[in-house]
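Trainee: Could you have a look at this structure, given as structure tokens, before my questions?
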Protein chains: 4
Amino acid sequence: MSIGLAIIGAGYWGPNLVRTAQATPAFRLDWLCDLQVERAKGVLGPYTTVRPTDSYDAVLGDPAVAAVAIATPAATHFDLVRHALEAGKHVLVEKPLTSTTSEAEKLIELAARRRRILMVDHTFVYTGAVQKIKELVDSGQLGRLYYYDSVRINLGLFQHDISVIWDLAVHDLAIMDYVLDRVPRAAAAIGVAHIPGRPVNMGYLTCFFDDDLIAHLHVNWLAPVKVRRTMISGDRQMIVYDDVEPSEKIKVYDKGITVSNGLANGHGNGMEKAHELLVGNRAGDMMAPQISLAEALRVEAQHFVECVGSGRRPLTDGWAGLRVIQVLEAAERSLAVNGTPMELA
Amino acid sequence: MSIGLAIIGAGYWGPNLVRTAQATPAFRLDWLCDLQVERAKGVLGPYTTVRPTDSYDAVLGDPAVAAVAIATPAATHFDLVRHALEAGKHVLVEKPLTSTTSEAEKLIELAARRRRILMVDHTFVYTGAVQKIKELVDSGQLGRLYYYDSVRINLGLFQHDISVIWDLAVHDLAIMDYVLDRVPRAAAAIGVAHIPGRPVNMGYLTCFFDDDLIAHLHVNWLAPVKVRRTMISGDRQMIVYDDVEPSEKIKVYDKGITVSNGLANGHGNGMEKAHELLVGNRAGDMMAPQISLAEALRVEAQHFVECVGSGRRPLTDGWAGLRVIQVLEAAERSLAVNGTPMELA
Amino acid sequence: MSIGLAIIGAGYWGPNLVRTAQATPAFRLDWLCDLQVERAKGVLGPYTTVRPTDSYDAVLGDPAVAAVAIATPAATHFDLVRHALEAGKHVLVEKPLTSTTSEAEKLIELAARRRRILMVDHTFVYTGAVQKIKELVDSGQLGRLYYYDSVRINLGLFQHDISVIWDLAVHDLAIMDYVLDRVPRAAAAIGVAHIPGRPVNMGYLTCFFDDDLIAHLHVNWLAPVKVRRTMISGDRQMIVYDDVEPSEKIKVYDKGITVSNGLANGHGNGMEKAHELLVGNRAGDMMAPQISLAEALRVEAQHFVECVGSGRRPLTDGWAGLRVIQVLEAAERSLAVNGTPMELA
Amino acid sequence: MSIGLAIIGAGYWGPNLVRTAQATPAFRLDWLCDLQVERAKGVLGPYTTVRPTDSYDAVLGDPAVAAVAIATPAATHFDLVRHALEAGKHVLVEKPLTSTTSEAEKLIELAARRRRILMVDHTFVYTGAVQKIKELVDSGQLGRLYYYDSVRINLGLFQHDISVIWDLAVHDLAIMDYVLDRVPRAAAAIGVAHIPGRPVNMGYLTCFFDDDLIAHLHVNWLAPVKVRRTMISGDRQMIVYDDVEPSEKIKVYDKGITVSNGLANGHGNGMEKAHELLVGNRAGDMMAPQISLAEALRVEAQHFVECVGSGRRPLTDGWAGLRVIQVLEAAERSLAVNGTPMELA
């Protein structure tokens, strides 16, 4: 038996949800809802049997609808998700889950009380690439983790309501939360708003973990080239994840450093001490593992279906959404003071 | 008439100076000096007429020597340069000029008093690529400058005496000083020393300028891949300088943003206000200008020759060396407090 | 008023036509026809108002249908197109137009007689990249054309009914026909069928033009990497068209050779003659022009709409389809004799 | 005890031999000989103890000279090598060994009779990359070999005495001879000479082996970009060797095709037969093995030293040089008839 679904929001991301829902047999897509019903009609096109509407109440009041997928601006998430959960619907909501940690906590509590699935659309978590990275990190073969460094930049759409950090870094924080399975103790952020009256359009976000693990994210709407590259480095192996590559998105380098005692072979005019700790390089093979090419959104839709059916907790549940927002909030406080690090709430 | 030259230091960089000096007809290479004379002999090889020595005094006492080129560890620069200037020699010294700003100031003063050339080996400034970038920035075609972002990482030699910031960021600071011709008001740095007892091996350095111009440098000895990429972005055009590319090192993107008034076409469910400042993208052609392929060190050697001959001030004089050290010192203070920005001295 | 359209074939390419037709307001998609009606239903999905059918007669007998788009195996094209034209329908047919030149000639004649549009789906011609290349070549800025070299390889689907030359080289021949606007006088081909009983799976096809212009195509279903790269070289400028690049698909190199008289500076031990024709290199800027990112199939669909409405001859009409088949036939004859060139019919 | 060495030819390649010989302790470089003695002096520079000369007789008459390394134009190789062997010297000669097979055979015979080493400078054979490829091919892990495809193009020096095939394809033929260890039965070549009175400046060379193995080489002096890429494909694994890459020059793809019986799932309108041989794709991991970064010319020089010392047969002996020339001669005959294949002598 299929799950009656309504999609809320026919803007930038909504059409992807519509396409995915129609290709997922376990769903029966009943409604596409947008305050501008013409926009919903435009997305559905002239050959559809799916109903457009501008009434969220009608959607929530439809007993055939068991779940809603929400792709509206972040500021509206809290109210829309709350109403949906209160109407007994399961919810998949676009990232970020909410605009504040307190809102996120309320939704988590509400979903638990109503025994409904609350899943955040951290799409990248469902890519073959991130699944493979998770597997590699969990295997321990990287050794002790040293750093996580990510660059996500392009000439992108300037959002008018949220900063580039809330728009782009959220992807990296979601991936990092999933892959590292660790919570940073502090965050720092530096950013600039080059257009007066607009949010920050480029930023550098640092997360401080225990054990000298550091994460650094560069996000930018105003870059001439599209870069989406993450390095995850351990003391034994290192991963480069280049999402712009059409194939070989993940490369695992069997490289690192070696530490030994011995005679230094430094450069310069020979003044270095004769005995000291020597740090050398170790180079080895590189391996690009085969990864699943399944479309992330389809994998995610199927995962939502399974969670709704079984009550199982989603990989990207409300708590994952909350942890991401905790970092974003600390980053925002740091941004206001030019990068002085802030402890997480 | 050729300039009698002595090279000091037969370590990592010295052999490049030897090779370059021998290929520069205006020089007559007289000495290669290293505390380990065997190392000097090894660099010169069995077929040479150049004299190896371990006596800096002998070199400085040789009236045939008009200039010295110093490629020893940074900590030794101050004393070696000072003695050379006092002995009336012109000096080309490897970066960084000294370990502190006060030392640099003393050398600048001394060189001026003795009327000798003091030139810092900021090699990248003499590449065809950086010369072309300078030309593009000076032309004003980039528009108002927004940011300078640089990544210089690889699996590199762990220095034992200086951090990765003093080792690698110094290159970017030297390029930036030359290209932007502006002095930052503050700097911030975050870094980690993953090997106990060793200097910081990865770091992120931010420079704050007036007018919302920001610079950010990522330097790292422990990266699986070699990246040397700089983006310089203005509101009209943007440059990508990729030094790893064998050709087309510089790409100029005729891209940017457009700001206008009008009806928003945002994403989401249509709640955005009807009238606001609109920010759009503007895409255009990309151009990779032809650049000189002349080896930077040869160009630099020739420039040193000309400065010695004419008394002309080098492009990378002591003041340039000093400005770079000012940023490095502020970065070091910031590093100690996890990235809180520090005003420049 | 919209054009009633039926799509024939719900295999590999059909779904793209369905998607495109639904997004083209000037079309009213009435039918999707496939001998296996279940396949047509699967392509349309559960939310459609488009009718699936397995009856080509029903489609051709429907007076509301003004045009058909045919995406069936090549061997079926002749009969399907002929019936459609005889029924008074306009036709867009997947490449290659037919399996033989004589069939192609008959269809061209029939379309002319019935005054119906016959357009071949040479999709690449409608890309922004090929349109830009055409513009550059037509401008004359390349100078005298020297060669056209193309590589189109990947680990691809082994067709069971046609060789890799009929499957892949047809794309390059269609692009070349459009861009060069010249007909080769002879063609040669070398290929290997590595799987017994299967068609040739890798091949090298050469076209000989007048004036020392040469074209060479490498096509391969069994390559470890996906390459789609074309070089078009003149004596003044050269183009590289890399279709795998997400951006900057076209690069124009202001490079070439210079010919002059003078003293040779050859290598070797000095035995060359003192006076001879000197050939040097000329390097200059590279430019990557902005190109339209519009989806080729949508541009092509719109062009078909305009041709149907105005009677205008399509860019890729039956004659273009015929010229491509003439080269393919000569190549096939050459293949049988290990690459001895064959004159075109 | 070191080997007295003389280098003949101070043109394009000679300086590399000089540099390498000086860095090889087992050599004692005595002479650099060039008909233009000023050129020899220029290469040696002002700081050398090596003697320049324009007298080949003086070199051959010097009993301290045990070996000569010849880097002169191809047309002079036969005479220079012959005289050296007759004077009892060991010989390393630049590729191609000679201009004709008969000359090569005479030199091989002469070297054997005089018991002297005759080694051809097939430099690429001594790279870490080609050594690794040889190891991979010999291991059998590629399975049955299907093809060898190479592209070696750039905007290069137009030779005045030899065609691009003799200049560039010789590299690929030397690599192929070493890696495949098989002799083709026929060769075909197509090429164009775009400059009147000059040799062919672009060409396509095909080698036909038994067992459906085919090799194809594209060489070109007039390409806008530098490409040096070789694919070696077997039915189980495939290698891509990209010599332009600074690292990861070799990639081994665990990819291929699968052949099975079953129900076809072809595209089109369902007319394919139900039972046939099915060919599918198999994708797997990619691995870039670590390769030695030792400079090829140094490895080769050391190998020459060992062969001279031990009488061992070089990897690239006269026979290897001869086999390469056999293919070049067949290619030349084919070129004259527009690519009709020619049996090897």
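Read the figures in this text as sums done on the coordinates, not as results from a lab. These numbers come from a predicted model, not from an experiment. No Cβ is skipped: glycine too gets one built from the backbone with ideal geometry, and neighbour counts run over all protein chains shown.
Trainee: State, to one decimal in nm, how far the label point of A:GLU306 lies from the label point of D:ALA112, with both points 7 Å from Cα in the Cβ direction.
Mentor: My value for the distance between the label points is 6.9 nm.
Trainee: Once you charge only the Cβ atoms, +1 for Lys and Arg and -1 for Asp and Glu, what is the size of the charge dipole of chain A about its Cα centre, to the nearest 20 debye? Walk me through the numbers on the way to the answer.
Mentor: Details: 34 positive and 40 negative charges, 87 e Å.
So the magnitude is around 420 debye.
Trainee: Same structure, new question: Report the Cα centroid-to-centroid distance between segment A:173-209 and segment C:284-326 in angstrom, as an integer.
Mentor: That distance is 45 Å.
Trainee: Can you list the distances in nanometres, one decimal and ascending, from the A:ALA64 label point to the identical position in each other copy, with the point 7 Å along Cα to Cβ?
Mentor: Values, ascending and in nm: 2.4, 10.0, 10.1.
Trainee: A follow-up question, please. Measuring nothing but label to label, 7 Å from Cα along Cα→Cβ, what are C:TYR47's distances to the other copies in nm, shortest first?
Mentor: Shortest to longest, the spacings are 1.4, 7.5, 7.6 nm.
Trainee: Cut-off 10 angstrom, C-alpha nodes, Gaussian network model of chain C. Which of C:THR49, C:THR123, C:THR20 fluctuates the most?
Mentor: Answer for the Gaussian network model of chain C: C:THR49.
Trainee: Give me the log10 of I(q) over I(0) for chain D at q = 0.06 Å⁻¹, as the Debye formula computes it from C-alpha points; what are the numbers?
Mentor: With no solvent term, the Cα-only Debye profile gives -0.26.
Trainee: Is it possible to state the helix-based mean residue ellipticity at 222 nm for chain B, with each DSSP H run of 4+ residues giving -39500 (n - 2.57), the sum divided by total residues, to the nearest 500 deg cm²/dmol? What is it?
Mentor: Values: 9 runs with 103 residues, N = 345.
The per-residue figure over chain B is -9000 deg cm²/dmol.
Trainee: Would you mind telling me which residue in D:SER260, D:SER102, D:SER292 has the biggest mean-square fluctuation in a Gaussian network model of chain D, where springs connect alpha carbons within a distance under 10 angstrom?
Mentor: Judging by the Gaussian network model, the answer is D:SER260.
Trainee: Which trypsin sites (Lys or Arg not before Pro) in segment C:159-228 sit in a loop by DSSP (not H, G, I, E or B) and have at most 11 other Cβ atoms within 10 Å of their own Cβ?
Mentor: none
Trainee: Follow-up. At R0 = 45 Å, how high is the FRET efficiency between B:ALA64 and B:GLU105 if r is their beta carbon distance? Nearest 0.05 is fine. Don't skip to the end; give the middle numbers.
Mentor: Working: r = 31 Å, r/R0 = 0.69.
According to the calculation, E is roughly 0.90.
Trainee: Ranked highest first by average number of other Cβ atoms within 10 Å, how do B:315-326, A:107-118 line up?
Mentor: Working: B:315-326: 22.7, A:107-118: 17.8.
Answer by packing, highest mean first, reads B:315-326, A:107-118.
Trainee: Another one. Using alpha carbon coordinates only, what is the Rg to Rh ratio of segment C:72-141, with Rh defined as the Kirkwood radius? Don't skip to the end; give the middle numbers.
Mentor: Numbers: Rg = 14.7 Å, Rh = 13.3 Å.
Value, to two decimals: 1.10.
Trainee: Please list 3J(HN,Hα) in residue order for segment B:237-247, calculated via the Karplus relation 6.51 cos²θ - 1.76 cosθ + 1.60 where θ = phi - 60°; whole Hz, with x for glycine and proline.
Mentor: So the J values, rounded to whole Hz, are 9, 9, 10, 10, 10, 10, 6, 7, 4, x, 9.
Trainee: If you take all C-alpha pairs in segment C:125-294, what percent of them are over 30 Å apart?
Mentor: Numbers: 4276 of 14365 pairs.
Tail fraction, whole percent: 30.
Trainee: Between C:ARG19 and D:LEU293, how high is the FRET efficiency from 1/(1 + (r/R0)^6) when r is the Cβ-Cβ distance and R₀ = 56 Å? Nearest 0.05.
Mentor: Values: r = 50 Å, r/R0 = 0.89.
Efficiency, from the Cβ-Cβ distance: 0.65.
Trainee: What is the P(r) of the protein assembly as shown, as percent of Cα-Cα pairs per 20 Å bin from 0?
Mentor: 9, 32, 38, 18, 4, 0
Trainee: Closest beta-carbon to the A-to-D rotation axis: which chain A residue owns it, and what is the separation in whole Å?
Mentor: Closest to the rotation axis on chain A: A:MET287, 3.
Trainee: Bin all alpha-carbon pair distances of segment B:159-246 at 5 Å intervals from 0 and give each bin's fraction as a whole percent.
Mentor: Percent of pairs per bin, in order: 3, 12, 22, 23, 19, 12, 6, 2, 1, 0.
Trainee: Under 21 Å from the Cα of C:LYS132, which lysines turn up, not counting those fewer than eight places away in the same chain?
Mentor: B:LYS251, B:LYS255, C:LYS249, C:LYS251, C:LYS255
Trainee: Would you work out which of C:SER292, C:SER163, C:ALA186 lies farthest towards the positive end of the dipole of segment C:125-294, given +1 charges on the beta-carbon of Lys and Arg and -1 on that of Asp and Glu, about the Cα centre?
Mentor: Toward the positive end, the furthest listed residue is C:SER163.
Trainee: Oh, and also: Sorted from shortest, what are the nm distances separating the label point of A:GLU86 from equivalent points in the other copies, each placed 7 Å from Cα along Cα to C-beta?
Mentor: Copy-to-copy label distances at A:GLU86, shortest first: 6.9, 8.3, 10.7 nm.
Trainee: Where in segment A:189-226 does the label zone of A:ARG144 land, with the point 7 angstrom along Cα→C-beta and an amide N cut-off under 12 Å?
Mentor: A:211-213
Trainee: Is there a quick way to get the dipole size of segment C:125-294? I mean about its Cα centre, with the Cβ of Lys and Arg at +1 and of Asp and Glu at -1; what is the value in debye to the nearest 20?
Mentor: Values: 16 positive and 20 negative charges, 49 e Å.
Magnitude of the dipole: close to 240 debye.
Trainee: Build a GNM of chain D with springs between Cα atoms under 10 Å: which of D:SER150, D:SER233, D:SER310 gets the top mean-square fluctuation?
Mentor: Largest GNM mean-square fluctuation: D:SER310.
Trainee: In chain B, if the dipole is taken from +1 on Lys/Arg beta carbons and -1 on Asp/Glu beta carbons about the Cα centre, which of B:GLY140, B:TRP13, B:LEU205 is farthest to the positive end?
Mentor: Most positive-ward Cα: B:TRP13.
Trainee: Taking the Cα centre of each part, how many Å lie between segment C:12-31 and segment B:1-65?
Mentor: Cα centroid of segment C:12-31 versus Cα centroid of segment B:1-65: 76 Å apart.
Trainee: Additional query: Determine ³J(HN,Hα), in whole Hz, for all residues of segment B:68-84 in sequence, where each value follows from phi through the Karplus function 6.51 cos²θ - 1.76 cosθ + 1.60 and θ = phi - 60°; x replaces Gly and Pro.
Mentor: With coefficients 6.51, -1.76 and 1.60, one gets 10, 10, 10, 10, 10, x, 3, 5, 8, 4, 4, 5, 5, 5, 4, 4, 5 Hz.
Trainee: Moving on. In Å³ and rounded to a whole number, note down the convex hull volume per residue for the Cα atoms of segment B:15-173. Provide the component values of the computation, followed by the final result.
Mentor: On the way: hull volume 26.4 nm³, N = 159.
Once divided by residue count, the hull of segment B:15-173 is 166 Å³.
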